[in-house]
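Student: Quick one: structure below, then a few questions.
Just so it is clear, none of the values below were taken in a lab; they were calculated from the coordinates. Everything numeric in this text was worked out from a predicted model, so none of it was measured. Please note: Cβ atoms are built from the backbone with ideal geometry, for glycine as well, and neighbour counts cover all protein chains shown.
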Amino acid sequence: PPMENILNLDEMEEIAAKQISKKAWAYYYSASDDMFSKSFNNAVYRSILLRPRVFVDCTKCDLDTTVLGYNLKTPIYVSPAAMARLGHPSGEAGIAEACRKFGAMQIISNNASMTPEQIVKDASPDQVFGWQLYAQIDRKKSEAMLARINKLKAIKFIVLTLDAPIPGKREDDERTGMTGRKAAVPSGIKAAERSADDTPNPTEGSGGVGQQLFAGTDPSLTWTKTLAWLATQTDLPIILKGLQTHEDAYLASLHAPQVKGIILSNHGGRAMDTAPPAVHTLLEIRKYCPEVFDKIEVHVDGGIRRGTDAVKALCLGAKSVGLGRAALYGLAAGGVEGVSRTLQSRLFDPWTGDLVTNAPVVLNDEMKTCMRLLGVERVDQLGLQHVCILHLLLV
Ligand code: FNR
């Protein structure tokens, strides 16, 4: 389907659902238990109202920002998500191509369906990647991976995911069989970095892709032990992903400067159901330990479907905002074009200055419209004064 007809991420999701196998869809779409956190992640943004200021010159607006000092053309980034080739043959490299066009950062999953070398192969000099680690019980495997990552110039930091030491109970993923005409996933697609003995080939056997991918993942990680190990394996900055409380955000800040950032996330509702959305955790940190914002960068993901959602997260103190399913849905719906459409920003290619399109477009464009209507030219001007959160303030 022509991507230029798609005006928002709900429409993209509808197309994606029709394009890929039932099994791949169940894996992408599913979340734990009753999928409450998955839907609340987005619903909480609906409950926050924006406070537009008027009589402000809103001719200009750009989305330029930085993460760990690296320049980006948008605060929207692509979260680490496994198995992109279940959505489209171009896989994680296709996502990278779209990110390159829009100056967006991409975090590569430990369970990507292509090798990191393949994914960053065509990186532009300015392009920013992170690599996400699930520390393996067999630590030698993770050490070998980190040695390879250390050599890839395009990869600027390591993301250690902490919210899913064990997988959640994702019933749709469990229920949907691997076999059968509609259920079948394209053959030969698997996690590129997981060896045959501990990784599924999701075309075989039955059961959840999520469960199978977790085989071999170490559930015994702890603050001091694991960070000390990581320090012996890489000099890259560390971002901890999956923090859900102000207590853990504070503990993370005590590990600066090794830990340079955190991602507030409940894994898109795929680990603990009824875990809080990133918005709640942001508000907790603001209330109980605001100094965390000065010591480390705070990023968020979960439930972003509109430019206004992303702007609200930035107003509450997030430095950047990740897309998990939305990027995979874009890829499934239209390959590189689909991810581009998802991220797209009207007018100009950030690096070359060439006109990309005149059509009304999706996330970056929605963000710019939102910021201009708020009376804001740059993302660093966004703050608490732009949102109404009286009903969310904690006692
Ligand atoms: C994920 N997520 C994830 N996170 C991670 O650290 N490593 C991984 O391999 C994966 N894999 C993965 C697969 C799929 C199919 C999904 C949907 C998600 C979680 C992801 O990084 C992110 O936290 C959430 O997806 C954000 O929520 P939204 O944007 O999907 O609502």
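Student: Out of the residues in the range 328-348 that are among the charged types (D, E, K, R) and in a helix (DSSP H, G or I), which is nearest to the ligand (Cβ to nearest atom)?
Tutor: Here is the first cut: in the range 328-348, the ones among the charged types (D, E, K, R) are 337, 341, 346.
Narrowing further to those that are in a helix (DSSP H, G or I): 337, 341.
Values: 337: 20, 341: 16 Å.
Among those residues, the one meeting the criterion is 341.
Student: Of everything in the range 291-314 that's within 13 Å of the chain's Cα centre (by Cα) and among the aliphatic types (A, V, I, L, M), which residue is farthest from the ligand (Cβ to nearest atom)? Can you show your working first?
Tutor: Our first condition is that a residue be within 13 Å of the chain's Cα centre (by Cα); within the range 291-314, this holds for 299-305, 310.
With among the aliphatic types (A, V, I, L, M) added as a condition, the list becomes 300, 304, 310.
Numbers: 300: 9, 304: 6, 310: 11 Å.
Among residues in the range 291-314 that are within 13 Å of the chain's Cα centre (by Cα) and among the aliphatic types (A, V, I, L, M), the one farthest from the ligand (Cβ to nearest atom) is 310.
Student: Next question, about the same structure. Considering only residues that are charged (D, E, K, R) and more than 16 Å from the ligand (Cβ to nearest atom), look in the range 208-267 and name the one that is surrounded by the most Cβ atoms within 10 Å (Cβ to Cβ).
Tutor: Residues of the range 208-267 that are charged (D, E, K, R), as a first pass: 218, 225, 235, 241, 247-248, 260.
Okay, now just the ones that are also more than 16 Å from the ligand (Cβ to nearest atom), so 225, 235, 247, 260.
Numbers: 225: 10, 235: 8, 247: 13, 260: 20.
That would be 260.
Student: Anything in the range 118-135 that is assigned to a helix (DSSP H, G or I) and either at positive phi or surrounded by fewer than 20 Cβ atoms within 10 Å (Cβ to Cβ) (or both)? List them, or say none.
Tutor: Initially, the range 118-135 is screened for residues assigned to a helix (DSSP H, G or I), giving 118-120.
Of everything in the range 118-135, just one residue is assigned to a helix (DSSP H, G or I) and either at positive phi or surrounded by fewer than 20 Cβ atoms within 10 Å (Cβ to Cβ) (or both), namely 118.
Student: Ok, one more. Looking at (1) buried (at least 22 other Cβ atoms within 10 Å of the Cβ); (2) under 15 Å from residue 234 (Cβ atoms), find the lone condition where residue 109 falls short.
Tutor: (2)
Student: I'd like the residue in the range 136-165 that is within 16 Å of the ligand (Cβ to nearest atom) and part of a strand (DSSP E or B) and, out of all such residues, is nearest to residue 193 (Cα to Cα).
Tutor: 136
Student: Additional query: If we scan the range 230-247, do we find a residue that is closer than 18 Å to residue 299 by Cβ, of a type in the set (S, T, N, Q) and assigned to a helix (DSSP H, G or I)?
Tutor: Within the range 230-247 (the criterion being closer than 18 Å to residue 299 by Cβ, of a type in the set (S, T, N, Q) and assigned to a helix (DSSP H, G or I)), the answer is no, since none of the residues qualifies.
Student: So, one more: Give the number of residues within the range 93-106 that are crowded, with 24+ Cβ neighbours inside 10 Å and out of contact with any Leu (no Cβ under 9 Å at 6 or more places or on another chain).
Tutor: Summing the residues that are crowded, with 24+ Cβ neighbours inside 10 Å and out of contact with any Leu (no Cβ under 9 Å at 6 or more places or on another chain) in the range 93-106 gives 2.
Student: Report, ordered by the first and then the second residue, all pairs with beta carbons closer than 6 Å, sequence separation of six or more or different chains, a first member in the range 293-305 that is among the basic types (Lys, Arg), and a second member that is more than 15 Å from the ligand (Cβ to nearest atom).
Tutor: Pairs found: 295/253; 295/256.
Student: List the number of the failed condition for residue 49; all other conditions in (1) crowded, with 24+ Cβ neighbours inside 10 Å; (2) in contact with a strand residue (DSSP E or B) (Cβ under 6 Å, 6 or more places away or on another chain) hold.
Tutor: Only one criterion in (1) crowded, with 24+ Cβ neighbours inside 10 Å; (2) in contact with a strand residue (DSSP E or B) (Cβ under 6 Å, 6 or more places away or on another chain) is unmet by residue 49, namely (1).
Student: While we're here: Restricting attention to the range 319-327, does a residue exist that is more than 21 Å from residue 241 (Cβ to Cβ), out of contact with any Ser or Thr (no Cβ under 6 Å at 6 or more places or on another chain) and either β-branched (Val, Ile, Thr) or more than 15 Å from the ligand (Cβ to nearest atom) (or both)?
Tutor: Keep residues of the range 319-327 that are more than 21 Å from residue 241 (Cβ to Cβ), which gives none.
Looking through the range 319-327, none of the residues is more than 21 Å from residue 241 (Cβ to Cβ), out of contact with any Ser or Thr (no Cβ under 6 Å at 6 or more places or on another chain) and either β-branched (Val, Ile, Thr) or more than 15 Å from the ligand (Cβ to nearest atom) (or both).
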